[in-house]
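**Student:** What follows is a single structure, and I will ask about it in a moment.
What follows draws every value from the coordinates through simple rules; no lab data is involved. Predicted model only: the values in this text are computed from it and were never measured. Note that each Cβ is placed from the backbone with ideal geometry, even for glycine, and that neighbours are counted across all protein chains shown.
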Amino acid sequence: MCGIVAALAARNVQGILLEGLKRLEYRGYDSAGMAVLENGVLERQRANGKVAALEEKLDQHALEGSIGIAHTRWATHGKPSEVNAHPHLAGGRVAIVHNGIIENFEPLKRELEADGVVFESETDTEVVAHLIDRAFAASHDLLAAVQSVLARIDGAYALAVMHADAPREIVGARKGSPLVVGAGIGENFLASDTLALLQVTDRFVYLQEGDVVRLSDAQGIEIFAGGEPAEREVHTFEHGDGAASRGEYRHFMLKEIHEQPSVIAATLAGRLSGSHVLESSFGVGARALFERVRQVHIIACGTSYHAGMVARYWLEKLAGIPTTVEVASEYRYREVVVPEDTLFVTLSQSGETADTLAALRYATSREANGARGYLATLAICNVPGSSLTRESDLSLMTQAGPEIGVASTKAFTTQLVALMLLTLSLRGTRGDERETALVQALRGLPALLEQALEMDGPIAELSEAFAEKHHALFLGRGTQFPIALEGALKLKEISYIHAEAYPAGELKHGPLALVDADMPVIAVAPNDELLEKLKSNLQEVRARGGELFVFADESVALTAADNLRVLHVPAVDEYLAPIVYTLPLQLLSYHVAVLKGTDVDQPRNLAKSVTVE
Ligand code: G6P
């Protein structure tokens, strides 16, 4: 949550910072601000609302400066308002932008107030600004001042700081929230993610937990860990800058839905041999380690959690491996019994979700595991260099490319592909008939998804039946139950229609009471062993006058009738059906949201990367 961008250059940086904020807006969009420093004078502009509101202000009064910091906010301490928007200043000399939460800000604030400091905002960040101001007055060294203040604060942060008396320096730090350094030619940058900076560079240093960085004219980029200079590798970003623009599409979400065939092909590339999955894709030593796995614990949040739920069906049925799946925010606070030889798997698009990261740290801490502990940790993640991948023993990168729409689409289906690769790798029956058939089916998946995308027109038409509704019910069975959950989540997130999902067999145990003509019921019905059972559940809905919308395999004999609309989905191997059936549900929520006129890419109250608890 919250996006940071900072630049130290020899040219005016307003345009770079503004473009960076636009690209980071998915991280938070309730207010935005920018400060620049020129000839020892700090100037600032802030606006409540989206980055466009800040842009309007900058059009009226541009900022001129070759060093600056900027921020887009997702409120935690203090309501969204111009006064609470970052950058925060102290003494007219310090400017700071911050992502995260300072947990001990209250005692620090009381201490400063007792000393005569008057606060302008309700934020925890302003406390840090004042502490740095005081520390700088003593040392006249911005790096030392920031380091001494970091030693006093608890919580999670990424921050960037400037001081009017250190006119060619920016100091940044990360602990618990992401921050990358962009290495340019004669100019350097900081940002919450690479995407913000692809406009100016493709070379990045991913800061590690606890790192402090100083950008300066004299020394370029200097990184410090535990107060000592540290070396960090420079990575070249290879996806190009196309991800940052919507291209011909009206929304990023629609673009990302349509990218699924190609990013799934990219996620499979180099990971399949003729008849089996190459276990080495998971890292050095993965094959030997996988042979020892007897149990799997999967942890994730949001959409990623739904991917984990699908994987449980696969791992138990195809690999015979007992699997549990849990949301990270629950797992991290309970006593966990870890059976011998359990693999701990985290799923996360961003690799920075606070609860998932905390769950990983809990899983690897002695207190969670007693003497035994997990066999190993594996992260399935979409962001190279993210905290989750760095802190896990093994990782598999999905190749979804940057995902900008807050509602996750291509990240989810690439996670499912990665989880199928994991399932096949854990079966221990390399290249047998079943694996060979599934490897074949995986290869055909991108083409099948292209066909599924052709349902766009009919789905757009269908969506009209939803625009006036206030509630919707999604049904599925087996691996399609998590897909129904994901379909309901998408509809909630972007159209604000209250949607719930049930395993269809549970309908009669409660939710059937809700079914009437005002409650559309959406069912996913591939041609699998549960089809006949699902059909009976659908009859239960029809008998109560409910309006049914069924996404069914083309071979399923279901004829449209009053209150029953059927959309055919291309025939697919039953194991890969959850991936294919996700697409029509994504398209449905997209078109309903467009009809309702909501902010599809940046739905209210949400943020893409939830880096606070
Ligand atoms: C946020 C996003 C969701 C996402 C979840 C987990 O809530 O809005 O779309 O599924 O975080 O994110 P992760 O990056 O860990 O997959």
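**Student:** Tell me, what does the Kirkwood hydrodynamic radius of region 88-240 come to in angstroms if you use every pair of distinct C-alpha atoms?
**Tutor:** Averaging 1/r across every pair of different Cα atoms and inverting gives 15.8 Å.
**Student:** Give me the distance in nm between label points sitting 7 Å out from Cα along the Cα-to-Cβ direction at ALA151 and SER81, one decimal.
**Tutor:** 3.6 nm
**Student:** Taking only the alpha-carbon positions of region 319-442 and ignoring solvent, what does the Debye formula give for the base-10 log of I(q)/I(0) at q = 0.10, 0.15, 0.17, 0.23 Å⁻¹?
**Tutor:** For region 319-442 at q = 0.10, 0.15, 0.17, 0.23 Å⁻¹, log10 I(q)/I(0) is -0.34, -0.75, -0.94, -1.38.
**Student:** Note down the magnitude of the dipole of region 378-498 about its Cα centre, charges +1 on Lys and Arg C-beta and -1 on Asp and Glu C-beta and zero elsewhere, to the nearest 20 debye.
**Tutor:** 360 debye
**Student:** Regarding region 430-510, what is the average projected area of its C-alpha convex hull, in nm²?
**Tutor:** Projected over every direction and averaged, the Cα hull of region 430-510 covers 7.7 nm².
**Student:** I would also like to ask the following. Once label points are set 7 Å from the Cα along Cα→Cβ at both GLU56 and GLU532, what is their separation, rounded to one decimal in nm?
**Tutor:** In this crude label model, GLU56 to GLU532 measures out at 6.3 nm.
**Student:** How large is the helix-only mean residue ellipticity at 222 nm for the chain, computed as the sum of -39500 (n - 2.57) over DSSP H runs with n ≥ 4, divided by its residue count, in deg cm²/dmol to the nearest 500?
**Tutor:** Calculated at 222 nm, the ellipticity per residue is -10500 deg cm²/dmol.
**Student:** Under 16 Å Cα-Cα from LYS469, which lysines qualify once same-chain neighbours fewer than 8 residues away are excluded?
**Tutor:** Output for LYS469: LYS490, LYS492, LYS596.
**Student:** Collect residues whose amide H, placed 1.01 Å from N in the peptide plane, falls under 5 Å from the amide H of LEU396; neighbours closer than 5 in sequence don't count.
**Tutor:** HN-HN under 5 Å from LEU396: ALA379, ILE380, CYS381.
**Student:** Right, another one. Could you tell me how many cubic angstrom of Cα convex hull volume region 246-374 has per residue?
**Tutor:** Value for region 246-374: 142 Å³ per residue.
**Student:** In terms of modelled amide H atoms, which long-range or inter-chain residues lie less than 5 Å from the amide H of ARG477?
**Tutor:** When sequence neighbours closer than 5 places are left aside, the close amide H contacts are ALA504.
**Student:** Based on the Kirkwood radius over alpha-carbon pairs, what value in µm²/s does the Stokes-Einstein equation return for the translational diffusion coefficient of the chain at 20 °C and 1.002 mPa s?
**Tutor:** The diffusion coefficient I find is 84 µm²/s.
**Student:** What is the distance in Å between the Cα centres of region 249-319 and region 99-172?
**Tutor:** Spelled out, the Cα-based centre of one part sits 42 Å from the other.
**Student:** Going by amide H atoms built from the backbone, whose H comes under 5 Å of the H on VAL277, apart from near neighbours?
**Tutor:** Here the answer is GLY431, since their amide H atoms fall under 5 Å of that of VAL277.
**Student:** Can you list the HN-Hα couplings for region 154-166, worked out from phi with the Karplus curve (6.51, -1.76, 1.60; θ = phi - 60°), rounded to whole Hz and with x for Gly and Pro?
**Tutor:** Result, ordered by residue: 10, x, 10, 7, 10, 8, 9, 10, 10, 9, 4, 8, 10 Hz.
**Student:** Over the chain, what relative contact order in percent results from Cα pairs under 8 Å that are six or more residues apart?
**Tutor:** Relative contact order here is 12 percent.
**Student:** Okay, moving on. Taking the mean number of other Cβ atoms within 10 Å as a proxy for protection, how do you rank 537-547, 223-233, 149-159 from highest to lowest?
**Tutor:** The packing order, highest mean first, is 149-159, 537-547, 223-233.
**Student:** What number results when the radius of gyration of region 487-613, computed over Cα atoms, is divided by 2.2 N^0.38 Å?
**Tutor:** So the Cα radius of gyration is 1.13 times the expected 2.2 N^0.38 Å.
**Student:** With unit charges on the beta carbon (Lys/Arg positive, Asp/Glu negative), name the residue among ALA499, GLN480, SER387 whose Cα is farthest towards the positive pole of the charge dipole of the chain.
**Tutor:** Ranked along the dipole, the leading option is GLN480.
**Student:** Which value, in debye to the nearest 20, describes the size of the charge dipole of region 542-613 about its Cα centre when Lys and Arg Cβ atoms bear +1, Asp and Glu Cβ atoms bear -1, and nothing else is charged?
**Tutor:** My answer is approximately 340 debye.
**Student:** Of SER262, ALA359, ASN527, whose Cα points farthest to the positive end of the dipole of the chain (charges on the beta-carbon: +1 Lys, Arg; -1 Asp, Glu; origin at the Cα centre)?
**Tutor:** Value: ASN527.
**Student:** Let me ask something else about it. Taking θ = phi - 60°, what integer Hz values does the Karplus form 6.51 cos²θ - 1.76 cosθ + 1.60 yield along region 398-411, in sequence order, with x for Gly and Pro?
**Tutor:** 6, 10, 6, x, x, 10, 9, x, 5, 6, 6, 10, 5, 5
**Student:** A follow-up question, please. Packing-wise, with mean Cβ within 10 Å as the measure, how do 420-426, 323-329 rank, highest first?
**Tutor:** The most tightly packed comes first, giving 420-426, 323-329.
**Student:** Among TRP74, LEU375, ALA300, whose Cα lies farthest out toward the positive end of the dipole of the chain, if unit charges sit on the beta carbon of Lys, Arg (+1) and Asp, Glu (-1)?
**Tutor:** Comparing the listed Cα positions along the dipole, LEU375 ranks first.
**Student:** Given 25 °C and 0.890 mPa s, compute D for region 1-103 with the Stokes-Einstein relation, Rh being the Kirkwood radius over Cα pairs; round to the nearest whole µm²/s.
**Tutor:** Here the translational diffusion coefficient equals 186 µm²/s.
**Student:** Also, I was wondering about something else. Taking the Cα centre of the chain as origin and charging only Cβ (+1 Lys, Arg; -1 Asp, Glu), how large is the dipole, in debye to the nearest 20?
**Tutor:** 660 debye
**Student:** What are the ³J(HN,Hα) couplings of region 100-117, residue after residue, when phi is run through the Karplus curve with 6.51, -1.76, 1.60 and θ = phi - 60°? Round to Hz, x for glycine and proline.
**Tutor:** Per-residue couplings from phi come out as x, 9, 8, 6, 9, 5, 5, x, 5, 5, 4, 4, 5, 4, 4, 8, x, 6 Hz.
**Student:** I've got another one for you. Could you let me know the centre-to-centre spacing of region 413-428 and region 5-27, using Cα atoms, in angstrom?
**Tutor:** Taking the Cα centre of region 5-27 as reference, the centre of region 413-428 is 38 Å away.
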